[in-house]
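These notes concern the structure reproduced below.
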Amino acid sequence: MSIVLKSEELRRYFRNNGVLTEQMANSIFNKINIELVATAGGKVSQDLLEDLSLILDKYPKLLRHTTIINNTGFETNLQPIIDLLATYPTLSHDSLKSLTIKSKYDSDYNLDYTKLQRIEKVTLSGGNRVSKVSFDPKKLPTRVKKGVELELENFDLSGLDLNGSSVNSLKLTGRGTRNFSRAKFH
């Protein structure tokens, strides 16, 4: 069984004219990188959303660890991708485990993750430049039993307030991470 992908982002990822076979899905070890290549007015392409829906239907485990990389040169509304990933099958072995977002735009982090009920780790990376913490940790999943591990890379943490969030573990990476002492945790 195979599916034909239409989006440039996933055709580029698989490098094989956009045909995704079961053998390929099993060899990728449950992770996929979505490198955005084009947006229309800050919107992700409908082709990409349809391709992700196809993958969720046929090879859901492929998206257990998903990375979204915005290299488009534009601020992009990533919320439709997050919401689509939240429709993941509810069996724990098929659920989304980790989500990584890499972008040079602060606004790409200010998303609502509350629908991602079984996620274990959220990584936000400001890339090579220091970004302000412009996301609301209260938008992280709230009904997660074990809590969520949050990893921040290259962020100015002076505006970080984890009060009332589901974060049980915080990992800071990157040379640009600073102002840790001004963050609030309880």
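The values are calculated or read from the model by the stated rules, or taken from the named source; none is laboratory data. Keep in mind the model is a prediction, meaning the values are calculated, not measured. When the accessible area is computed, the model is the full protein with side chains, heavy atoms only, and any ligands, DNA or RNA have been set aside. Shrake-Rupley method; radii C 1.70, N 1.55, O 1.52, S 1.80 Å.
In table form, for the structure just shown:
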| quantity | calculated |
| --- | --- |
| Whole-percent carbon and sulfur share, accessible surface of segment 1-94, 1.4 Å | 49 percent |
| Largest-first principal axis extents, alpha carbons of the chain, Å | 53, 36, 26 |
| Å² of accessible area per residue within the chain, as computed with a 1.4 Å probe and no ligands counted | 52 Å² |
| Relative contact order [Cα under 8 Å, 6+ residues apart], the chain, whole percent | 14 percent |
| Overall form of segment 1-79 per C-alpha gyration tensor (a/c, 1.5; a/b vs b/c) | prolate |
| Shape metrics for segment 147-186, restricted to C-alpha atoms - Rg then Dmax, Å | 9.8, 28 |
| Cα centroid of segment 1-17 to Cα centroid of segment 18-62, whole Å | 8 Å |
